[in-house]
């Protein structure tokens, strides 16, 4: 009678592969999510910097249109709120995944 080990091709190694297609697909998805969040943060930061610049130009008298500055201020405020909500939802999803029992 021949007894084969777990790593010989039967058992847990086939059910839960550590290398191969499934293990490599998770990394690009995580990288894409990281790139998405990075781009989102950069866009919000650029919008905030642009708004700060327009506020200082309004204070120095270079810009006469208060309404344009206020529109930019509201846009940056809404984009920051959106970024905060996206972060909160991603954090909630992560916490829910961590609570799952395997």
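Note on residue 77 and residue 91: the model spin-label points, each 7 Å out from Cα along the C-beta direction, lie 2.2 nm apart. Taking a ≥ b ≥ c as the square roots of the eigenvalues of the Cα gyration tensor, segment 20-99 is prolate, since a/c reaches 1.5 or more and a/b is larger than b/c.
Most exposed first by the Cβ proxy, i.e. fewest other Cβ within 10 Å, how do 77, 54 rank?
Ascending Cβ contact count within 10 Å gives the list 77, 54.
Extending 7 Å from Cα along the Cβ direction at residue 102 and again at residue 41 yields two label points whose distance is 2.7 nm.
We did not get these values from a lab; they are worked out from the coordinates using the rules stated. Because the structure is predicted, anything quoted here is derived from the model rather than measured. Methodologically, a virtual Cβ is constructed for each residue, glycine included, from the backbone with ideal geometry; neighbour enumeration extends over all protein chains shown.
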